[in-house]
Structures are given as C-alpha cells and as structure tokens.
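Below is one structure; the comments refer to it alone.
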Amino acid sequence: MKTLRFVVLLVALVATTAGLAQQQPIEVWRQNFTMGGSGDFAFGASLNGDGSIIVVGDRFPNATAAITKFSSSGQQLWTTLDTTIGTISFLGHSALFGDGAIAWFSGSESQGWLNSTITCLTPSGNWVWRIVVNGLFYLGRGPTDTTVVAIRSGDAPVAVIIGRSGTILRQFPVGEYAGSNISIRSFGSNLLVGAHYRNTTGAKSFYVAKYNVSSGQELWRQNFDSMIRGFMDIDESGNPFVAGSVVVPPNSRLKFLEAKITSTTGAIVWQEESVGPTNPFQNWVNGITVSPVVNGKQEVVMFGAVGRTDSNSINDATYALSRRASDGQRLWVMSWFDNSTSNVITGGVFDRNGDLILVEMKNSPNRIWKFAVPTLSVREVGGLPETFSLSQNYPNPFNPSTTIKFEIMEATKVHLAVYDLLGRPVEVLVNERLTPGVYEARFEPKGLASGVYLYRLVTEKSVAKRKMLLLK
C-alpha cells in the first residue's frame, strides 16, 4: 500500500477560476483489490462508525454478489459472498446499523429479482439473519440506530423499516414509481428519497421527496426533468444535494447537473450545469457525497466518469467535481485515465475528518483511494477592518508554511493566489465571497523550489500584491 501523499496527475487534474490552477486533493493512500475473482465489479462506499468502509459488488467468473470491508487505513479486512450463483449487488445495496452491523441486498436480475434477499452481517462479516424478498430493493440508514430502510423499485414502491433483528416495523408507499438507483437518507423522523420516474412525455426523470416516517405523508417533492441518472445525499441539517446526468437535445448528449434543495420546503437553493473535459462526449454520474463541516465550510462532490471517445463508454475516464455546499461555487476537478479499458468512480464518501474515499471500478483489480481535500475557506481572525490591505506574510522567509493576512472593508468576491516570478500560477488560496473582516490564509507549498514568489489579492474594487521568500 502506498502511504506517500502526492497530488494525482495521472492524466488531468483540472480546475479553473480566472485561468488559475486551484488546490487539488492529495492522495493519502490507495489500494488495489478484488473480491476473489478475476474480473470483479465494485460499487458504492459506506462509512461505518469506526471509520471502516463497506463496498459491494460482483465477483466474476461465476457471477456472485459480494461485499467487502476496508479499515480506515485501506486494509481489506474481509469479503463475504452470496451462496447463490447468478446474484449481483450494486449501488445502494448496503446500509449500516448504529452498532456497525450491515444490511446487504443481493439478487438475480435474470430471474426478475425473485427470491432476492436482504442479509444482516456482523461487523466481522458473519451472517446474522436473512429475509427473502421478491423484488429489487435499495437500502439506507433508518430513522434510528437500530433500523434500516429498504425501498422496492418499480411500480407502487414501498418503504420498509427493518429492525436490527430483521423484524419489519413499518411500511408505507413512496410515490407512484421508483426506477433504479434509489437514494435513501434518514433525518430525524423524516425520510428523504431520490428516485427515477417517468415524466408526462414518458421520459426518464429524477425526483427528490421528503416523507414523515410516522404517518407516511409526502411533505414535498422536487422534480428534475430529463435527468436520466440521478443521486442524492444530505448534509447535517437534512438539506438534500442532487447530482445527475441530463439529456441535452438534439443529439441526446449528457451533461452534469447539480443542485441544493432546502429541507424545509423542497425549494432549490442553487443549481449548476457543467460538462467534463471531453465535452461533447458523455458525462455520467455515479453518485454524490457531502463533507462534514470543516473550518465552518462544507463541500459536495459529484463523481462518475466522462467518455473519452464518441463511440461508447469503453474508454471512460474517472471524474470528480467539488462545489462549495453553500452556493455551488466550483472548488476543484479531478480526472484520470491509466490506459485501462475503462476507469469509472462508482463510490464515494467523506470520512469524519473530511477526507474523501473514492472507489474506482476498472478491469480488475479495482481500486480504493483516500484523498485529503484542500482547505475549504480562509480563516476569519476577528477585529474591525480599517481599510483594504494585504499584509506581509509571516514568517518570511519561510519553510514549510507561512500565513498571509488581509483586510476587506465591504462584502466582495475575494481572490488570493500565489505566482512564480514569471507570473505563472502556483496555487489559489482563496476564491470566494467574503463579508467585511480580517482574514488569514495559510500557504504550505509542496514540491516548490526555494526562491521568491508573488502573492496577489484581488477584490471587486482593489488589487494588491507582495513578495515572499521560500527557503529550503
């Protein structure tokens, strides 16, 4: 296993704001893995309370559903297989109880999901109980630590609350139709559901709805027309975030769409559209994950793949895009292709420290990655600003890091970046709208040679710059 921290530059790490390179995630570790076969598929990533990660998938040859667990440091701890040949398991097919036990769905699509099962596993991967179900179900955390939620896909979908012992505690209808890739999130006494439906023209679309678990009442619903593949996650306040692939007429290309929804009314807070670096080729979403609050800020990451050719998905490259949760501003983009037949991110989750776990499905072995993401915001240090100013960094000269202090007198868009003496961008430290105040930004260069560097502060009305000296 690699423990060296370095920026992934396999093919591209792209993020632009006014033409400058943004800070990028730094690799903490990566691990190749299989599920015991030679062509396994890996899907999803769920975070357990102890920091361990659960991934589901299919073992090949002799297709068999599989589930595997990793430690917080990336060590593969165990793999458990379904006993029935022909079963599969994919995105949304695992959920966690509060004590670390795992609910896991597996079934056979070729048999119309008849006799599919939901199994409970101990934190060490041993079977506890198994429920036989007739249908395709998706799983999510329940409203309490001793429950999980299962929703049946298809016509007349039903949400089922399952207790820790395997007892069905409650069930209620959720919409008129729910297609594949159902996202399920619980928040207090409410259930947030993201699922596909057919719009008035019969086209596949996506919706997010909020239900009261006790009454089963739908509290609100927000539709995303022509989103043929969508996913949903929530923040610590229960606000849903959506990421999906939207059809673009007339040639049915796919673009990315992301949105934040307020939990109280279902209204859209912000909505952003984008395309990958290979536009106009396909842009394919496999999920979305919301970070914990870090330094008072929060980000949301959409992940999946972008097509590298116009033929089909066989030449996909990985793709992950981060936005600031509060207003949707783009923070960074990460993409790579390593000459495999296809590289696709199929799972992603933030750990409790704000580091990002990504699962990459490729032509065996698969890979699981951990990245340290850039600091989301400058730190406000208090005090009343007296004027627009950019202070000399301290310490100066410096090694390995230095602090840059600045003041702004009014609310404004702030851009603080570091350059070499030729004017080439080195790193963006701040790129956001700030209220009046006194702020500090930390610069900790990696891989830079000793020498003089410039840093430049730009607001909507003023510009200032200074020099600093890095000594190694």
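The values are calculated or read from the model by the stated rules, or taken from the named source; none is laboratory data. Bear in mind that the values here come from a model prediction, so they are computed numbers and not experimental data. As a convention, Cβ positions derive from the backbone with ideal geometry for all residues, glycine included, and neighbour counts pool all protein chains shown.
Give the residue that is modelled with the lowest pLDDT, with candidates limited to residues of the range 447-467 that are over 23 Å from Asn399 (Cα atoms) and surrounded by 12 or more Cβ atoms within 10 Å (Cβ to Cβ).
Selected residue: Glu460.
In the list Ser73, Ser94, which residue meets the criterion of being surrounded by fewer than 22 Cβ atoms within 10 Å (Cβ to Cβ), at pLDDT 90 or above and within 25 Å of Arg352 (Cβ to Cβ)?
Ser73
Of the numbered conditions (1) of a type outside the set (D, E, K, R); (2) in contact with a Phe, Trp or Tyr (Cβ under 8 Å, 6 or more places away or on another chain); (3) modelled with pLDDT of 85 or more; (4) surrounded by 14 or more Cβ atoms within 10 Å (Cβ to Cβ), Ser401 fails exactly one; give the number of that condition.
Every listed condition holds for Ser401 apart from (4).
Do any residues in the range 277-303 that are not assigned by TED's automatic domain parsing to the domain that holds Asp233 have Cβ atoms under 6 Å from those of residues that are surrounded by 21 or more Cβ atoms within 10 Å (Cβ to Cβ) and at pLDDT 95 or above, where the two are at least six apart or on different chains, and which pairs are they?
Close Cβ pairs (under 6 Å, with a partner that is surrounded by 21 or more Cβ atoms within 10 Å (Cβ to Cβ) and at pLDDT 95 or above) do not exist here.
Among the aliphatic types (A, V, I, L, M) and touching a residue at least 40 places away in the same chain (Cβ under 8 Å): is that true of Leu91 in this structure? Steps first, answer last, please.
On the way: among the aliphatic types (A, V, I, L, M): yes; touching a residue at least 40 places away in the same chain (Cβ under 8 Å): yes.
Yes: the conditions hold for Leu91.
Confirm whether Ile228 is surrounded by fewer than 21 Cβ atoms within 10 Å (Cβ to Cβ) and closer than 19 Å to Gln298 by Cβ.
no
Only one of Leu254, Leu219 is buried (at least 23 other Cβ atoms within 10 Å of the Cβ) and either part of a loop (DSSP other than H, G, I, E, B) or in contact (Cβ under 8 Å) with a residue 12 or more places away in the chain (or both); which?
Leu254
Could you list all residues from the range 28-54 that are modelled with pLDDT of 85 or more and closer than 17 Å to Asn343 by Cα?
Here is the first cut: in the range 28-54, the ones modelled with pLDDT of 85 or more are 28-37, 40-54.
Residues satisfying the conditions are Arg30, Gln31, Asn32, Phe33, Thr34, Asp40, Phe41, Ala42, Phe43, Gly44, Ala45.
So, in the range 125-147, of the ones that are in a loop (DSSP other than H, G, I, E, B) and over 26 Å from the mean Cα position of the chain (by Cα), which residue ends up surrounded by the most Cβ atoms within 10 Å (Cβ to Cβ)?
Gly135
Just checking: which of the strands (runs of 3 or more DSSP E) contained wholly in the range 27-100 hold 2 or more residues that are within 21 Å of Ser183 (Cβ to Cβ)?
Here the list reads 41-47, 53-59, 64-70, 94-96.
I need the full set of residues from the range 319-332 which are in a strand (DSSP E or B) and modelled with pLDDT under 90, in order please. Before the answer, list the steps.
Here is the first cut: in the range 319-332, the ones in a strand (DSSP E or B) are 319-324, 330-332.
Selection gives Arg324, Arg330, Leu331, Trp332.
If I go through the range 178-216 residue by residue, how many of them are hydroxyl-bearing (Ser, Thr, Tyr), part of a strand (DSSP E or B) and over 20 Å from the mean Cα position of the chain (by Cα)?
Filtering the range 178-216 for residues hydroxyl-bearing (Ser, Thr, Tyr) gives 180, 183, 186, 189, 197, 200-201, 205, 207, 211, 214-215.
Filter once more, so that each one left must be part of a strand (DSSP E or B): 183, 186, 197, 205, 207, 211.
With over 20 Å from the mean Cα position of the chain (by Cα) added as a condition, the list becomes 197, 205, 211.
Total satisfying the criteria: 3.
Look through the range 345-368, keep the residues that are among the hydrophobic types (A, V, I, L, M, F, W, C) and in contact with a Leu (Cβ under 8 Å, 6 or more places away or on another chain), and return whichever of them is farthest from Gly307 (Cα to Cα).
Phe350
Any residue at all in the range 148-166 that's polar (S, T, N, Q), touching a Ser or Thr at 6+ places or on another chain (Cβ under 9 Å), part of a strand (DSSP E or B) and under 30 Å from Thr200 (Cα atoms)?
No, every residue in the range 148-166 fails to be polar (S, T, N, Q), touching a Ser or Thr at 6+ places or on another chain (Cβ under 9 Å), part of a strand (DSSP E or B) and under 30 Å from Thr200 (Cα atoms).
How do the pairs read when you match residues in the range 120-132 that are in the same structural domain as Asp82 (by TED's automatic domain parsing) with residues anywhere that are of a type in the set (Phe, Trp, Tyr), using Cβ under 7 Å and keeping only pairs 6 or more apart or on different chains?
Going by the 7 Å Cβ cut-off, the qualifying pairs are Cys120/Trp129; Leu121/Trp104; Leu121/Trp127; Ser124/Trp78; Gly125/Trp78.
Only residues that are within 11 Å of Ile261 (Cβ to Cβ) and either exposed (fewer than 14 other Cβ atoms within 10 Å of the Cβ) or not assigned by TED's automatic domain parsing to the domain that holds Gly307 (or both): list them for the range 201-216, please.
Those that are within 11 Å of Ile261 (Cβ to Cβ) and either exposed (fewer than 14 other Cβ atoms within 10 Å of the Cβ) or not assigned by TED's automatic domain parsing to the domain that holds Gly307 (or both): none in the range 201-216.
Would you tally the residues in the range 154-176 being exposed (fewer than 15 other Cβ atoms within 10 Å of the Cβ) and in contact with a Pro (Cβ under 9 Å, 6 or more places away or on another chain)?
The qualifying residues number 3.
Give Gly238, Gly244 a once-over and let me know the one that is at pLDDT 95 or above and either in a strand (DSSP E or B) or acidic (Asp, Glu) (or both). Walk me through it before giving the result.
Numbers: Gly238 fails: either in a strand (DSSP E or B) or acidic (Asp, Glu) (or both).
Result of the check over Gly238, Gly244: Gly244.
Report, ordered by the first and then the second residue, all pairs with beta carbons closer than 6 Å, sequence separation of six or more or different chains, a first member in the range 189-200 that is over 14 Å from Ile234 (Cβ atoms) and in the same structural domain as Gly92 (by TED's automatic domain parsing), and a second member that is small (Gly, Ala, Ser) and assigned to a strand (DSSP E or B).
Short answer, once both residue conditions are applied: Ala195/Ala178; Tyr197/Ser205; Asn199/Ser205.
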